[in-house]
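Structure record follows, encoded as structure tokens.
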Amino acid sequence: MENLAVYSQIIIAVSVINVWVFRFDNIVKEFEQYGLSDMIRNIVGATKISLSTLLIVGVFYNEVVLASSLSMAFLMVCAQIAHIKVKNPLIKYVPSFILLILSLFVAGVNYGII
């Protein structure tokens, strides 16, 4: 189960970095749609990239995994709420929902409940 959690950490980190670095133009459009400021967008982006980095570091130093995976899960819940608020089509919910489930899985394995 631990190996699956490590793979999940990598998937979460790579996915988030891909979206926030290489597909940033989509992020700008989404945050405008949500009515959130550029400052909030930048704070969320910096936080997600930092947490992604910690998830990668967590492959080698397990101590950072629980806090970073739970924090990432919180941000994915916020993403779900934002999608609900603007009534996006269901397909828009899927990526953040998958990352939410993976983040909770990683936290559960790290905490020892899975």
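Yes or no: region 34-42 includes at least one residue that is surrounded by 15 or more Cβ atoms within 10 Å (Cβ to Cβ) and farther than 26 Å from SER8 by Cα.
Just the residues of region 34-42 that are surrounded by 15 or more Cβ atoms within 10 Å (Cβ to Cβ), to begin with: 34, 41.
Pick out the ones that are also farther than 26 Å from SER8 by Cα and you get 34.
The answer is yes, given that some residue of region 34-42 is surrounded by 15 or more Cβ atoms within 10 Å (Cβ to Cβ) and farther than 26 Å from SER8 by Cα.
Kindly indicate whether ILE49 is closer than 21 Å to ILE114 by Cβ, touching a residue at least 24 places away in the same chain (Cβ under 8 Å) and not hydroxyl-bearing (Ser, Thr, Tyr).
So ILE49 fails the test.
Quick grid of which residues meet (1) on the phi > 0 side of the Ramachandran plot; (2) hydrophobic (A, V, I, L, M, F, W, C); (3) free of Cβ contacts under 8 Å to residues at least 12 places away in the same chain:
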{"position": "ILE17", "(1), (2), (3)": "no, yes, no"}
{"position": "THR53", "(1), (2), (3)": "no, no, no"}
{"position": "TYR61", "(1), (2), (3)": "no, no, yes"}
{"position": "SER69", "(1), (2), (3)": "no, no, no"}
{"position": "ALA73", "(1), (2), (3)": "no, yes, no"}
{"position": "VAL86", "(1), (2), (3)": "no, yes, no"}
{"position": "PRO95", "(1), (2), (3)": "no, no, no"}
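Could you list, in sequence order, the residues of region 20-46 that are over 12 Å from ALA79 (Cβ atoms) and either in contact with a Leu (Cβ under 9 Å, 6 or more places away or on another chain) or β-branched (Val, Ile, Thr) (or both)?
Selection gives VAL21, VAL28, ILE40, ILE43.
Filter region 1-31 for residues that are closer than 24 Å to PRO89 by Cα and of a type outside the set (A, V, I, L, M) and give the result.
SER15, ASN18, TRP20, PHE22, ARG23, PHE24, ASP25, ASN26, LYS29, GLU30, PHE31
Answer yes or no: is there a residue in region 87-103 that is under 20 Å from GLN9 (Cβ atoms), surrounded by 12 or more Cβ atoms within 10 Å (Cβ to Cβ) and in contact with a Leu (Cβ under 8 Å, 6 or more places away or on another chain).
yes
Report whether or not TYR34 is over 22 Å from PRO89 (Cα atoms) and not small (Gly, Ala, Ser).
Details: over 22 Å from PRO89 (Cα atoms): no; not small (Gly, Ala, Ser): yes.
Criteria not met by TYR34.
Values quoted throughout were computed directly from the atomic coordinates according to the rules given, and no laboratory measurement underlies them. This one's a predicted model, so the numbers in the text were calculated from it and none came from an experiment. Here Cβ is always computed from backbone atoms with ideal geometry, including for glycine, and neighbour counts include all displayed protein chains.
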